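Notes follow once the structure below has been shown.
The values are calculated or read from the model by the stated rules, or taken from the named source; none is laboratory data. Values in this document were obtained by computation on a predicted structure and should not be read as measured data. Heads up, the Cβs are rebuilt from the backbone with ideal geometry, glycines too, and the neighbour counts pull from every protein chain shown. Accessible surface areas use protein heavy atoms only, side chains included; no ligands, DNA or RNA. Shrake-Rupley method; radii C 1.70, N 1.55, O 1.52, S 1.80 Å.
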Amino acid sequence: MVIVMASIIGLLAFGWFAADVLRPGGGGGGAAYPAAEYRLTAPRTLLDGKYELADDQSAQRQKELESSPVDETDIRDPQATVAQYTSASEGGVLVLSGMHGRIRNPDTAREKMLDGAATADGATLAVPAKDVTPAGSDVTVTCQVVTMAQDGGGTASLPICAWADENTSASVTVVTAATSTKSPQDIDLEAAAEMTTQVREQVRKPLS
């Protein structure tokens, strides 16, 4: 089950690159862009070691960014970070899909990622995006649930949460065999947002 879900989540989470980042477009004024102070990393483990890095596609996705027209209206100097993690103890998969750079409009960046996931091939938006601010955090996380058809019939429920600030923007998808079979409306988006905030704290690092 985990192998099947890993394939589905990978296709979904990576889709926003082609849909939203690799678009041709006009550039914006450089003076309006924030300074580069933070980067996005893909550490060997996440969430107290429960999830271990299984597939780091950052270099591959960066090549796509560098070889394709990039819309610099809202971001300058994008650097991709795309990685998939697995957990034996949790029986699940975690996909981190994002970038760092100089992001002029974080709200737009966050919306683009979720729109890209909701419109990926085979995806259906089941629970619309809503903003969640986890207790004790000043970071707004936006979460939604999409469903995707599985080989052999049936659908899987995938909670997707995203954040964006002036330097980092990423989506986090965590799914297990248990959560994938839940009704989309039964997915706990508050818990998903809390987990996303924890991931952000572990992958967002100062440049210096």
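Within the shell of other residues whose beta carbon sits under 12 angstrom from the beta carbon of Arg204, the net charge comes to -1, with Lys and Arg scored +1 and Asp and Glu -1.
Accessible area per residue of the range 37-84 at 1.4 Å probe, in Å²? Kindly include the intermediate steps, with their values, before the conclusion.
On the way: 2630 Å² over 48 residues.
Each residue of the range 37-84 exposes 55 Å² on average to a 1.4 Å probe.
Here the Karplus curve 6.51 cos²θ - 1.76 cosθ + 1.60, taken at θ = phi - 60°, turns the phi angles of the range 108-124 into couplings of 5, 4, 5, 5, 4, 4, 5, 4, x, 5, 5, 10, 5, 4, x, 8, 10 Hz, with x standing for Gly and Pro.
How high is the relative contact order of the range 47-134, given as a whole-number percent (alpha carbon pairs under 8 Å, six or more residues apart)?
Relative contact order, the range 47-134: 25 percent.
Looking at the square roots a ≥ b ≥ c of the eigenvalues of the Cα gyration tensor of the range 42-178, which shape do they give, rounded for a/c under 1.5, prolate if a/b is larger than b/c, or oblate?
On the way: a/c = 1.37, a/b = 1.30, b/c = 1.05.
Taking the square roots of the gyration eigenvalues as a ≥ b ≥ c, the range 42-178 is rounded.
Karplus-derived 3J(HN,Hα) values for the range 171-180, using 6.51 cos²θ - 1.76 cosθ + 1.60 with θ = phi - 60°, are 10, 10, 10, 10, 9, 10, 4, 6, 6, 5 Hz; glycine and proline are entered as x. The listed residues Arg200, Arg39, Arg44, once ranked by accessible area (1.4 Å probe) with the largest placed first, stand as Arg44, Arg39, Arg200.
At 1.4 Å probe size, with every protein chain present, just tell me what the per residue accessible area of the range 120-208 comes to in Å².
Values: 4020 Å² over 89 residues.
On a per-residue basis, the range 120-208 sits at 45 Å².
With every protein chain in place and a 1.4 angstrom probe, the accessible-area ranking of Asp56, Asp74, largest first, reads Asp56, Asp74. Below 14 angstrom from the Cβ of Glu90, what's the summed charge of the other residues (Lys, Arg +1; Asp, Glu -1)? Spelling it out: positives minus negatives among the neighbours equals -1. Structural descriptor for the range 63-113: relative contact order 36 percent, calculated from alpha carbon pairs under 8 angstrom and at least 6 residues apart. For Asp48, the accessible area of its heavy atoms, probed at 1.4 Å with every protein chain present, is near 150 square angstrom.
These residues, Glu90, Glu64, go from largest to smallest accessible area, 1.4 Å probe, as Glu90, Glu64.
So what's the projected area for the range 151-208, the Cα convex hull averaged over all directions, in nm²?
Working: hull surface 20.8 nm².
Dividing the Cα hull surface by four gives the mean projection, 5.2 nm².
Look at where the Cα atoms of the range 141-208 and of the range 90-139 average out, and the two centres are 7 Å apart. 3J(HN,Hα) couplings calculated from phi for the range 42-52 with the Karplus curve 6.51 cos²θ - 1.76 cosθ + 1.60 (θ = phi - 60°) are, in sequence order, 10, x, 5, 9, 9, 6, 6, x, 5, 10, 10 Hz; Gly and Pro show x. Taking label positions 7 Å along the Cα-Cβ direction at both Val139 and Ser183, the computed distance is 3.2 nm, reported to one decimal. Placing a label point 7 Å from the Cα of Ala149 along the Cα-to-Cβ direction, the residues of the range 167-182 whose backbone N falls under 20 Å of that point are 180-182.
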